[in-house]
Amino acid sequence: MADAIHDVIEADRAVYAELVVNRLAIEEEVIEASEEYHENSALPLPAQMLRASAEKVRDKKSGFSFSLVSPWPINSQNKVKSDVEVKGMNSILKNPAVNVYSEEIIAGKKYFTALYPDIAVSNSCVSCHNNHKDSPKKDFKVNDVMGAVMVRIPL
């Protein structure tokens with residue numbers, strides 16, 4: 001189930017990045033994509049769309065959640081926290097071809113937690129992260145692991 005949820009997240013993110021952000025902001029230069037999209041009448045960044053979707057899912061109180069996590073987040077909310085997140089992220093950094101699956105207990109509840117590598121797929125990802133004032137890592141290259149997409153399902 002976690003793999004299926006991740007497939008949908010990954011597909012939605014790729015479609016938004018390619019068909020909306022890349023086409024309208026980069027190729028046709030119709031509208032910019034900006035972290036301050038509300039203030040600038042711009043498109044939200046793909047990571048912001050993922051966070052907004054995750055918040056909508058949490059509002060439904062289905063119990064499962066997903067998010068971006070990283071050892072070097074621009075947004076401190078996305079910092080790896082639990083032992084499972086830290087160990088899983090370290091495993092992904094050593095071998096990005098292998099997803100990480102674990103069980104953990106959070107606030108007395110048992111969860112299945114899956115981490116999937118979040119790869120810098122384009123120069124726009126790399127440029128944004130490397131040049132962002134709040135980024136703790138400034139040397140990303142295309143195809144580097146930037147973090148992980150985490151899916152957490154209650155057991």
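The table that follows gives values for the structure above.
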{"read-out": "Filtered residues of the stretch 58-76 (kept if surrounded by fewer than 16 Cβ atoms within 10 Å (Cβ to Cβ) and either touching a Cys at 6+ places or on another chain (Cβ under 9 Å) or farther than 20 Å from N130 by Cβ (or both))", "value": "R58, D59, K60, K61, S62, G63"}
{"read-out": "Filtered residue count, the stretch 25-51, keeping only those that are at pLDDT 85 or above, in a helix (DSSP H, G or I), more than 14 Å from the chain's Cα centre (by Cα) and surrounded by 11 or more Cβ atoms within 10 Å (Cβ to Cβ)", "value": "2"}
{"read-out": "Failed item, numbered, when E103 is tested on (1) farther than 26 Å from E35 by Cβ; (2) among the acidic types (D, E); (3) part of a helix (DSSP H, G or I)", "value": "(3)"}
{"read-out": "Residues of the stretch 125-137 that turn out to be at pLDDT below 90, under 15 Å from the mean Cα position of the chain (by Cα) and not aliphatic (A, V, I, L, M), as a count", "value": "3"}
{"read-out": "Check on R13, assigned to a helix (DSSP H, G or I) and either within 18 Å of the chain's Cα centre (by Cα) or within 27 Å of E104 (Cα to Cα) (or both)", "value": "yes"}
{"read-out": "Some residue of the stretch 124-131 being among the β-branched types (V, I, T) and in a loop (DSSP other than H, G, I, E, B)", "value": "no"}
{"read-out": "A114 touching a Phe, Trp or Tyr at 6+ places or on another chain (Cβ under 7 Å), in a strand (DSSP E or B), aliphatic (A, V, I, L, M) and over 15 Å from V145 (Cβ atoms)", "value": "yes"}
{"read-out": "Test: residue in the stretch 98-110 that is surrounded by 14 or more Cβ atoms within 10 Å (Cβ to Cβ), charged (D, E, K, R) and within 14 Å of the chain's Cα centre (by Cα)", "value": "no"}
{"read-out": "Counted residues, the stretch 132-155 - those being more than 27 Å from L24 (Cβ to Cβ), among the charged types (D, E, K, R) and in a loop (DSSP other than H, G, I, E, B)", "value": "3"}
{"read-out": "Qualifying residue in the stretch 133-154 (condition: exposed (fewer than 15 other Cβ atoms within 10 Å of the Cβ), under 14 Å from A2 (Cα atoms) and of a type outside the set (A, V, I, L, M))", "value": "yes"}
{"read-out": "Hits in the stretch 1-25 - residues which are farther than 22 Å from I74 by Cα and of a type in the set (A, V, I, L, M, F, W, C)", "value": "M1, A2, A4, I5, V8, A11, V15, L19, V20, L24"}
{"read-out": "Which listed residue is in contact with a Phe, Trp or Tyr (Cβ under 9 Å, 6 or more places away or on another chain) and without any contact (Cβ under 8 Å) to a residue 40 or more places away in the chain, from V149, V98, V86, V126", "value": "V126"}
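The values are calculated or read from the model by the stated rules, or taken from the named source; none is laboratory data. Please read these numbers as outputs of a predicted model, since none were measured by experiment. Reconstructed Cβ throughout: ideal geometry from the backbone, glycine too, with neighbour counts over all protein chains shown.
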